[in-house]
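Visitor: Below is a structure I'd like to ask you about.
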Amino acid sequence: MEADRVLVEKKRNMFRPIYGTTCSSFTLVFLAAILSCRPPMESDSNGSAVETAQTAVKRFKQDLKFALIEGMAEGPQAAVDACRLKAPGIAVALDSENLHIGRTSHRLRNPANAPKVWMLSLLETLHDATPGDPPFQSVRLDSEWVGYAEAIYVEPLCLTCHGTDLSPAVSGRLRSGYPDDQAIDYSVGDFRGIFWAEVRSASSTPHRAP
């Protein structure tokens, strides 16, 4: 019983930053779903849908990194703006009737990136992964759609805006743009969140993801 209590408290603390510092009834509903009804995780059994998701996520990562490098060339504040302004456009450019893509985390910077319900248990699994575990997970959302999540780990480039020693200029820009920012005090190699994709199975008819 003590081990169960510790596990519940660990999961409560992990997801508390998504919805605030207090554990609301809304948060408890998600915790109950995670603990009692976790969807089956599949690392490679969703076949072509996973391959499609991985190709899209790779493009998303490349385009986003290029935008950040361009921003950094103009200064750290420009990199903050690049992430805020260009990342949504990159995701929209990759979006189609068969694929939707984005980023999310258990420690949000932009509340617009809050995870959907199906992403919560994948966030937890990838957050708790150990060396040797697959860096991605997939889950069938319904008869048409597959959800895919790929871990994001902090790289040196990320520390300018997500690290423990931010410049006053960057801190000021973050406070003005993201007053509820939870995405600082990271170190290289830390789990940052996930890239996610929703992919419609090739045999299905067009229908918006749940």
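Visitor: Pull out a ≥ b ≥ c, the square roots of the eigenvalues of the alpha-carbon gyration tensor of segment 145-199, then state rounded if a/c is under 1.5, prolate if not and a/b is larger than b/c, and oblate in the remaining case. Kindly include the intermediate steps, with their values, before the conclusion.
Guide: Numbers: a/c = 3.50, a/b = 1.80, b/c = 1.95.
It is oblate, given that a/c is not under 1.5 and a/b is not larger than b/c.
Visitor: Of CYS83, PRO134, GLY189, which is farthest towards the positive pole of segment 66-210's charge dipole, taken about the Cα centre with +1 and -1 on the beta-carbons of Lys, Arg and Asp, Glu respectively?
Guide: It is CYS83, whose Cα lies furthest towards the positive end.
Visitor: Now for a different question. Just to confirm, what accessible area per residue do you get for segment 67-210 at 1.4 Å probe, in whole Å²?
Guide: On the way: 6860 Å² over 144 residues.
With the other protein chains kept in place, segment 67-210 gives 48 Å² per residue.
Visitor: Quick one: with all protein chains in place, what share of the accessible area of segment 95-148 is carbon or sulfur, to the nearest percent (1.4 Å probe)? Intermediate results must be reported in sequence, preceding the final value.
Guide: Values: 1180 of 2170 Å².
Roughly 54 percent of what the probe reaches on segment 95-148 is carbon or sulfur.
Visitor: Would you please name the trypsin sites (Lys or Arg not before Pro) within segment 104-210 that are DSSP coil residues with at most 11 other C-beta atoms within 10 Å of their C-beta?
Guide: Details: sites: ARG107, ARG109, LYS116, ARG140, ARG173, ARG175, ARG192, ARG200, ARG208; in loops: ARG107, ARG109, LYS116, ARG208.
Those that pass, being in a loop and sparsely packed, are ARG208.
The values are calculated or read from the model by the stated rules, or taken from the named source; none is laboratory data. For clarity, every value in this text was computed on a predicted model and none was experimentally measured. Here the Cβ is made from the backbone with ideal geometry for all residues, glycine too, and neighbour counts use every protein chain on show. Remember, those area values only see protein heavy atoms, side chains included, never the ligands or the DNA or RNA. Shrake-Rupley method; radii C 1.70, N 1.55, O 1.52, S 1.80 Å.
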